[in-house]
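The structure appears right after this line, and notes come after that.
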Amino acid sequence: MASIKDVAAEAGVSVATVSRVLNEHPSVSADARARVLAAVGTLGYRPNAVARSLRTDQTHTLGLVISDVMNPYFTELARSVEEAARALGYSVIIGNADERPELQDHHVRTLLDRRIDGLLVSPTDGGSPLMLEAARGGTPMVFVDRWIPGLDVPVVRADGRAAVRDLVAHLHGLGHRRLAIIAGPAATTTGRERVEVFREALAEYGLGLPDAYTGQGDFQAESGRRVTEGFLDLPEPPEVVFAADNLMALGALDAVRARGLRVPEDIALAAFDDIPWFVHTDPPVTAIAQPTGELGRAAVRALVDRIEGRTPESVTLPARLVVRRSCGESPATNRSQS
């Protein structure tokens with residue numbers, strides 16, 4: 001691999017001149033600049049980004065810590081973040097927390113050690129001392145999807161409250177009265193919020209949410225399977241299971257089919273976080289869709305604003321109900337409510 005000394009020798013200039021050209025210093029003559037750039041092309045020289053960052057105090061690198069790379073929602077989010085960052089001249093390093101706070105902190109610590117310019121995080125919980133220290137210590141940071149209450153950090157997220165109310169109204173209109181939920185972790189803002197609004201929406205129709213119809217999941221498929229098995233064992237199982245994320249919905253679907261039951265004839269199923277797979281399941285799953293690509297792009301814009309000294313506002317985008325056929329809808333049903 002060519003070094004900066006090799007470039008200087010090829011161009012017939014000093015190492016200092018090569019350095020000034022690479023750092024776009026205006027004091028270099030046009031002739032010297034042309035010779036250096038020609039030498040860089042001939043030798044295939046690539047500047048050491050880490051060394052350059054030590055001089056410029058900027059790496060043009062963003063860190064992204066997502067909650068679970070196996071979750072299609074976060075996979076799509078990561079893709080939109082990477083595309084948006086690349087368009088603005090930034091690279092992205094991604095860490096997968098796997099819904100584990102200790103792994104989240106490991107990635108955050110590693111990214112900070114690598115001198116990233118800013119950090120995007122979907123927190124696995126709200127009690128990480130490292131996250132609190134990083135946020136309060138001046139690290140440019142934006143929360144995406146989830147957030148830690150009380151911190152002065154912009155949040156880019158979808159508001160699913162109206163969509164959950166639309167879902168409950170839809171289920172009530174279909175004649176369902178016994179509705180259960182597979183909740184996400186209570187340590188996460190999204191886990192708490194989805195249960196709260198589901199309970200509130202049921203109350204608008206005079207329906208309760210008994211403890212037996214509230215199952216604690218962890219946003220992963222196995223918990224959806226386990227909770228649904230518990231629902232099916234009840235003397236009076238629910239008519240509908242609402243899974244608070246897509247992976248738990250897939251686990252719920254596995255549990256129903258393992259019992260030889262059918263959706264929606266024997267039990268209906270709905271999910272938060274629509275994914276492309278839901279169109280291809282039998283039946284297609286009624287779900288709440290988040291504007292994932294828009295969230296990723298908005299999060300990058302907010303973080304770059306913060307890196308460059310501006311003060312971005314939090315961004316909240318609406319989720320929407322996508323009605324398909326997993327809750328007893330007409331066979332021709334496939335529509336979106338905004």
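The values are calculated or read from the model by the stated rules, or taken from the named source; none is laboratory data. Keep in mind that what you see is a predicted model, and the values were worked out from it rather than measured. With ideal geometry, Cβ positions are generated from the backbone for all residues, glycine too; neighbour counts draw on all protein chains shown. Side chains are part of the model used for accessible areas, which takes the heavy atoms of the whole protein and leaves out ligands, DNA and RNA. Shrake-Rupley method; radii C 1.70, N 1.55, O 1.52, S 1.80 Å.
Okay, here's what the table says:
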item	result
Options Asp98, Asp68, Asp145, Asp159; residue that is within 20 Å of Ala244 (Cα to Cα), of a type in the set (Asp, Glu) and touching a Lys or Arg at 6+ places or on another chain (Cβ under 7 Å)	Asp145
Sole residue being hydrophobic (A, V, I, L, M, F, W, C), farther than 25 Å from Gly217 by Cβ and under 15 Å from the mean Cα position of the chain (by Cα), chosen from Val121, Val92	Val92
Residue match in the range 69-77 (condition: closer than 23 Å to Phe219 by Cα, hydroxyl-bearing (Ser, Thr, Tyr) and in contact (Cβ under 8 Å) with a residue 24 or more places away in the chain)	yes
Test result for Arg226, closer than 21 Å to His280 by Cβ, open to solvent by 40 Å² or more (accessible area, probe 1.4 Å) and out of contact with any Ser or Thr (no Cβ under 6 Å at 6 or more places or on another chain)	no
Test: residue in the range 208-220 that is assigned to a helix (DSSP H, G or I) and either under 27 Å from the mean Cα position of the chain (by Cα) or over 15 Å from Pro238 (Cα atoms) (or both)	no
Subset of the range 282-297 that is among the polar types (S, T, N, Q) and either part of a loop (DSSP other than H, G, I, E, B) or under 18 Å from Gly251 (Cβ atoms) (or both) - its residue that is most open to solvent (accessible area, probe 1.4 Å)	Gln290
Criterion (buried (at least 19 other Cβ atoms within 10 Å of the Cβ), β-branched (Val, Ile, Thr) and either assigned to a loop (DSSP other than H, G, I, E, B) or more than 27 Å from the chain's Cα centre (by Cα) (or both)) met by exactly one of Val241, Val263	Val263
Residues (within 30 Å of Asp125 (Cβ to Cβ) and either open to solvent by less than 70 Å² (accessible area, probe 1.4 Å) or at pLDDT below 80 (or both)) located in the range 15-71	Thr59, Thr61, Leu62, Gly63, Leu64, Val65, Ile66, Ser67, Asp68, Val69, Asn71
Residue within the range 210-220 that is farther than 24 Å from Ala158 by Cα and of a type in the set (A, V, I, L, M) present	yes
Yes/no for Asp159 being out of contact with any Ser or Thr (no Cβ under 9 Å at 6 or more places or on another chain), open to solvent by 10 Å² or more (accessible area, probe 1.4 Å) and of a type in the set (Asp, Glu)	no
Options Val304, Val300, Val315, Val279; residue that is aliphatic (A, V, I, L, M), surrounded by fewer than 20 Cβ atoms within 10 Å (Cβ to Cβ), under 20 Å from the mean Cα position of the chain (by Cα) and within 30 Å of Val121 (Cα to Cα)	Val315
Checking Thr124 against (1) surrounded by fewer than 24 Cβ atoms within 10 Å (Cβ to Cβ); (2) touching a Ser or Thr at 6+ places or on another chain (Cβ under 9 Å); (3) among the hydroxyl-bearing types (Ser, Thr, Tyr); (4) modelled with pLDDT under 95, the condition it does not meet	(1)
Search result, residues across the range 110-145 that are under 19 Å from Ile93 (Cα atoms), of a type outside the set (A, V, I, L, M) and outside any strand (DSSP E or B)	Thr110, Asp113, Arg114, Arg115, Asp117, Ser122, Pro123, Thr124, Thr139, Pro140, Asp145
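One line per residue, one yes/no per condition, for (1) at positive phi; (2) free of Cβ contacts under 8 Å to residues at least 12 places away in the same chain; (3) out of contact with any Pro (no Cβ under 7 Å at 6 or more places or on another chain):
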| position | (1), (2), (3) |
| --- | --- |
| Tyr205 | no, no, yes |
| Phe219 | yes, no, no |
| Glu229 | no, no, yes |
| Val240 | no, no, yes |
| Ala244 | no, no, yes |
| Leu250 | no, no, yes |
| Leu253 | no, no, yes |
| Arg257 | no, yes, yes |
